[in-house]
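Asker: Here's a structure for you.
The values are calculated or read from the model by the stated rules, or taken from the named source; none is laboratory data. In this text the structure is predicted, and so the values were computed from the model without any measurement. Note that each Cβ is placed from the backbone with ideal geometry, even for glycine, and that neighbours are counted across all protein chains shown. Note: areas computed on protein heavy atoms with side chains; ligands, DNA, RNA excluded. Shrake-Rupley method; radii C 1.70, N 1.55, O 1.52, S 1.80 Å.
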Amino acid sequence: RGEKLMQSISSFDIDGNERLLFSFKEINECPACHFGIEPRILYSSYILSDSIGIDRSCRLYINFYCPKCHEIFLGKFKGVLEGGYHSGEVYMTLRGLFPRTVKPEEFSDNILGLSFAFVETYMQAQRAEASELDQICGIGYRKALEFLVKDYLCHKFPDEEENIKKESLGKNLNRIEDGKVQTLAKRATWIGNDETHYVRKHEDLDVGTMKTFIRAMVHFIDSDLTFEQALTIDPA
């Protein structure tokens, strides 16, 4: 739907005493069914924290109803009342929608047949990421990447299967003949290794970048497997 529009709501505090006007970027996707929606607001309330200097932080909670899947979900927002009060709208930033289900990545039959372990591990990492387990989801994606690389190489070089399984991922990567797939795999591995180390070597790269590289790898590998299928067709 493009750029999100702003939405306003008038809400009482948790004790029902004081009313404030809040604004936030509209919610346009249900965290449960992932459809584009215009949710209905059922209830809202806010809590003021202790003062931070002359300012006061504020948390706003809103119950939304999804007209598509008929689920109710909670939106948690955070903002600041400058000077301890605000006569106009208080701008709030979304901090999370709960409960959030995973929108599963779709993989072709080629990839499912090549490495079900990759698909299963990748989807578990997705669930960890959706649960905001950001300290472990990157490790999961790194493990999924290793399954994908090893299973792809075992498919390409069946006579070397035992060696491929035993050797390190770094050595595996040098076996990949397709330059694009090799480059994507190496870069994704660098980021994935950072997720397992105390000190990061690539501060400007994150899990999102690693996932982008893995998806591109999947695309190239899928194309390669499709090409192999095409070669089996008898032109006669």
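Asker: Going by a 4.7 Å Cβ-Cβ cut-off, which cysteines of the chain have no partner at all?
Answerer: So, C58, C137, C154.
Asker: At 1.4 Å probe size, with every protein chain present, just tell me what the per residue accessible area of segment 171-236 comes to in Å².
Answerer: Accessible surface, normalised per residue, equals 64 Å².
Asker: Please give, to one decimal in nm, the separation of the simple spin-label points placed at F157 and D222, each 7 Å out from Cα toward the Cβ.
Answerer: 2.6 nm
Asker: Can you give the FRET efficiency for D55 and D134, using 1/(1 + (r/R0)^6), R0 = 35 Å, r = Cβ-Cβ distance, to the nearest 0.05?
Answerer: Taking R0 as 35 Å, the efficiency between D55 and D134 is 0.80.
Asker: What number, in percent, do you get for the relative contact order of segment 1-145 if the mean sequence gap of Cα pairs under 8 Å and at least 6 apart is divided by its residue count? Don't jump to the answer; show the numbers that get you there.
Answerer: Details: 270 pairs, mean separation 24.6, N = 145.
Taking the mean separation of contacting Cα pairs over the length of segment 1-145, I get 17 percent.
Asker: Using alpha-carbon pairs under 8 Å, 6+ residues apart, how would you state the relative contact order of segment 157-236 in percent?
Answerer: Worked out over segment 157-236, it gives 26 percent.
Asker: Still on this structure, please answer the following. Give, rounded to the nearest 20 debye, the magnitude of the charge dipole that the chain has about its Cα centre when Lys and Arg contribute +1 at Cβ and Asp and Glu contribute -1 at Cβ.
Answerer: For this selection, approximately 460 debye.
Asker: Could I ask something else about it? With unit charges on the beta carbon (Lys/Arg positive, Asp/Glu negative), name the residue among L133, W190, I111 whose Cα is farthest towards the positive pole of the charge dipole of the chain.
Answerer: L133
Asker: Using a simple spin-label model with points 7 Å from Cα along the Cα→Cβ vector, what separation in nm is obtained for R19 and D178?
Answerer: Reported label-point gap for R19 and D178 is 6.1 nm.
Asker: Find out how many positive minus negative residues lie around F64, taking Lys and Arg as positive, Asp and Glu as negative, among other residues whose Cβ is under 14 Å from that of F64.
Answerer: Net local charge, F64 excluded: +1.
Asker: In whole angstrom, and with the biggest value first, how far do the Cα coordinates of the chain range along each principal axis?
Answerer: So the extents along the principal axes, rounded to whole Å, are 77, 47, 25.
Asker: Assuming 0.36 nm per residue, please report the length gained on full extension of the stretch R95 to I41 beyond their Cα-Cα distance.
Answerer: Working: separation 54, 0.36 × 54 = 19.44 nm, distance 1.71 nm.
Result for the pair: 17.7 nm of gain on full extension.
Asker: Turning to a different aspect of this structure: Scanning the chain for chymotrypsin sites (Phe, Trp or Tyr not before Pro) in DSSP loops with at most 13 other Cβ atoms within 10 Å, what's the longest stretch left with none? Before the final figure, lay out the partial values.
Answerer: Details: sites that count: F35, Y85, Y198.
Result for the longest clean stretch: 86-197.
Asker: Computing the accessible area with a 1.4 Å probe over protein heavy atoms, can you report the carbon and sulfur percentage for segment 134-236? Don't jump to the answer; show the numbers that get you there.
Answerer: Numbers: 3310 of 6200 Å².
Heavy-atom surface of segment 134-236 belonging to carbon and sulfur, 1.4 Å probe: 53 percent.
Asker: Mind giving me the nanometre distance, one decimal, between the label points for K103 and L5, set 7 Å out from Cα along Cα→Cβ?
Answerer: Taking the two extended label points, one gets 2.0 nm.
Asker: Between 0 and 90 degrees, rounded to the nearest ten: what's the tilt of helix 179-194 against the longest Cα principal axis of the chain?
Answerer: 50 degrees
Asker: What is the magnitude of the charge dipole of segment 18-76 about its Cα centre, with +1 placed on the Cβ of each Lys and Arg, -1 on the Cβ of each Asp and Glu, and no other charges, expressed in debye to the nearest 20?
Answerer: 60 debye
Asker: Moving on to the next point. Going toward the positive end of the dipole of segment 66-180, with +1 on Lys and Arg Cβ and -1 on Asp and Glu Cβ, which of N172, L145, C69 do you reach last?
Answerer: Positive-end residue among those listed: C69.
Asker: Counting each DSSP H run of 4 or more residues in the chain as -39500 (n - 2.57), what helix-only mean residue ellipticity at 222 nm follows after dividing by all residues, to the nearest 500 deg cm²/dmol?
Answerer: Helix contribution divided over all residues of the chain: -13000 deg cm²/dmol.
Asker: Note the per residue figure in Å³ for the convex hull of the C-alpha positions in segment 79-142.
Answerer: Taking the convex hull of the Cα positions in segment 79-142, it is 114 Å³ per residue.
Asker: Nearest-5 percent of antiparallel DSSP beta bridges in the chain?
Answerer: 90 percent
Asker: In the Gaussian network model of the chain, springs joining C-alpha atoms below 10 Å, which of I47, I136, I214 carries the largest mean-square fluctuation?
Answerer: Residue with maximal mean-square fluctuation among I47, I136, I214: I47.
Asker: Among residues other than S45 whose Cβ falls under 13 Å from its Cβ, what is the net charge (Lys/Arg +1, Asp/Glu -1)?
Answerer: Around S45, the charge tally is 0.
Asker: About its Cα centre, how strong a charge dipole does segment 65-176 have in debye, to the nearest 20, once Lys and Arg get +1 and Asp and Glu get -1 at the Cβ? Intermediate values should be presented prior to the final figure.
Answerer: Working: 15 positive and 17 negative charges, 52 e Å.
Approximately 240 debye in magnitude.
Asker: Set Lys and Arg Cβ to +1 and Asp and Glu Cβ to -1, take the dipole of segment 2-125 about its Cα centre, and tell me which of Y91, F12, Q124 lies farthest positive.
Answerer: Farthest towards the positive end: F12.
Asker: Next up: More than 17 angstrom separation, counting every C-alpha pair in segment 1-132; what % is that?
Answerer: Considering segment 1-132, 65 percent of its Cα-Cα pairs are separated by more than 17 Å.
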